[in-house]
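S.K.: The structure that follows is given in the form of C-alpha cells.
Quick note: the coordinates plus some simple rules give every number you see, no bench work behind them. These numbers come from a predicted model, not from an experiment. Here the Cβ positions follow ideal geometry from the backbone for every residue, glycine too, while neighbour counts run over all protein chains shown.
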C-alpha cells in the first residue's frame, strides 16, 4: 500500500489545473471514520452528535453516506490513517503527551474494514494531514500557496474573511453556515447549485465544509473542476493558530504566516512527507 507524498500530489494537481483536467482530494479523517462506524452499527447517540454538529437531516444520512462512497471512488486521492501505524510519520495524538482516546484509536485500527464497508474502493491514498502539510514552506519545493498564485480560486468556507489575508491571490468565497447551524438546510442546496453553474469558472476550489464538504469536493470534480480539501487550514490562515495535535511538529513560518514549517520533532519525517 502506497501513501503518496505531498510533492507528487501537488504536482498532479498543478498539471490538472494546467490541462483543465478534473481533480478531487477528499479527506475523511477521524470524523469520517466515526460517521461510517455509526452508520454501520446504528449508533444512535453518535449519529445524534454528528447530526447536531454538522447540520445533517436524519432522513438524509443514508443518501449522504452513499454519496461519500460514490465520490470517494471517483477521487484522485483519499486519506488513509495507515500512515500513523508506520515509522514514516508522527503519531496521531490529541496534544502534547495526550494520546488519542480509546474509541477513536479502535476505529483507526479497523480503518480499512470501515472503508471497504463504505465502498471506498480507491487506493490512491494521501496523508490525513495533507491539508497542513500542503502549506509547508520547504526549500525548492512548491506548496499549495505557490500553486494558487495567478490562478482563479474559490473557497467554500464558514469564514469568508479569510480573503482579507489572501490579498495576493484571486479569491472568491462561498459562505456556508458553521457547526450547529443546520448546514444542509441553510447552505447545501445553494452550494450545490453554485458548483453546478461555476465548477469550470475557477482553476481550483478549496473546500472547508465538514462532512458535507466531501460531497462538494466530489461534485466539483464530477462537474469538471478541481477541488482540494483544506479544512481547518482556512482558520489557520485567519488566526495563525495551530491545532494542538500538531503543535509538537509544526510551527508558523515567521517570514509569511500563511505558510508553516517543520519543528525539530517534525523534521525527523521530512523525507517521507
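S.K.: Length gain on complete extension for the stretch residue 150 to residue 193, per 0.36 nm per residue less the alpha carbon to alpha carbon distance? Mind dumping the intermediate values first?
M.R.: Working: separation 43, 0.36 × 43 = 15.48 nm, distance 2.60 nm.
Fully extending the segment from residue 150 to residue 193 adds 12.9 nm.
S.K.: Across region 15-98, how large is the tail of the calculated P(r) beyond 19 Å, expressed as a percent of all Cα pairs?
M.R.: Of the Cα pairs, 54 percent sit more than 19 Å apart.
S.K.: Please rank 162, 192, fewest neighbouring Cβ atoms within 10 Å first, as an exposure proxy.
M.R.: Details: 162 21, 192 15.
Lowest count first: 192, 162.
S.K.: If you bin every alpha carbon distance in the chain into 10 Å steps from zero, what whole percent lands in each bin?
M.R.: Distribution as computed: 7, 30, 39, 22, 3 percent.
S.K.: Among DSSP beta bridges whose residues both lie in the chain, state the antiparallel percentage, nearest 5. Walk me through the numbers on the way to the answer.
M.R.: Values: 6 of 28 bridges.
Bridges in the chain are about 20 percent antiparallel.
S.K.: May I ask for the percentage of alpha-carbon pairs in region 36-182 that lie more than 26 Å from each other? All intermediate terms of the calculation are to be shown ahead of the outcome.
M.R.: Working: 4598 of 10731 pairs.
Above the 26 Å cut-off, region 36-182 has 43 percent of its Cα pairs.
S.K.: Stick to Cα atoms and the Kirkwood definition of Rh, then tell me Rg/Rh for region 121-273. Walk me through the numbers before you get to the answer.
M.R.: Working: Rg = 15.7 Å, Rh = 16.3 Å.
Taking Rh as the inverse mean 1/r over Cα pairs, Rg/Rh reads 0.96.
S.K.: Just to be sure I understand the model, the point goes 7 Å from the Cα along the line to the Cβ. What's the resulting residue 42 to residue 175 distance in nm?
M.R.: With each label placed 7 Å out from Cα toward Cβ, I get 4.1 nm.
S.K.: Using only the Cα atoms of region 151-200, what are the Rg and Dmax in Å?
M.R.: 11.8, 34
S.K.: What does the helix-only formula give at 222 nm for the chain: each DSSP H stretch with n ≥ 4 adding -39500 (n - 2.57), the total divided by the residues, and the result rounded to the nearest 500 deg cm²/dmol? Let's see the in-between values first.
M.R.: Working: 12 runs with 110 residues, N = 273.
Value at 222 nm, helices only: -11500 deg cm²/dmol.
S.K.: So between residue 62 and residue 101, what do we pick up on full extension, going 0.36 nm a residue minus the alpha carbon distance? Display every interim value, and only then the final one.
M.R.: On the way: separation 39, 0.36 × 39 = 14.04 nm, distance 2.71 nm.
Result: 11.3 nm gained on full extension.
S.K.: Shifting gears a bit: Take each of the peptides 228-240, 256-268, average the number of other beta-carbon atoms within 10 Å over its residues, and list them starting from the highest. Kindly include the intermediate steps, with their values, before the conclusion.
M.R.: Details: 228-240: 21.0, 256-268: 15.8.
The densest-packed peptide leads the list: 228-240, 256-268.
S.K.: Remind me, relative contact order of the chain in percent, using alpha carbon pairs under 8 angstrom and six or more residues apart? Could the numbers behind the result be given before it?
M.R.: Values: 469 pairs, mean separation 72.6, N = 273.
Relative contact order comes out at 27 percent.
S.K.: If you bin every alpha carbon distance in region 161-249 into 5 Å steps from zero, what whole percent lands in each bin?
M.R.: Bins of 5 Å from zero give 3, 13, 22, 24, 20, 13, 5, 2, 0 percent of pairs.
S.K.: Right, something else. Output the relative contact order of region 142-273, whole-number percent, from Cα pairs under 8 angstrom with separation of 6+ residues.
M.R.: Details: 191 pairs, mean separation 26.1, N = 132.
Relative contact order for region 142-273 comes out at 20 percent.
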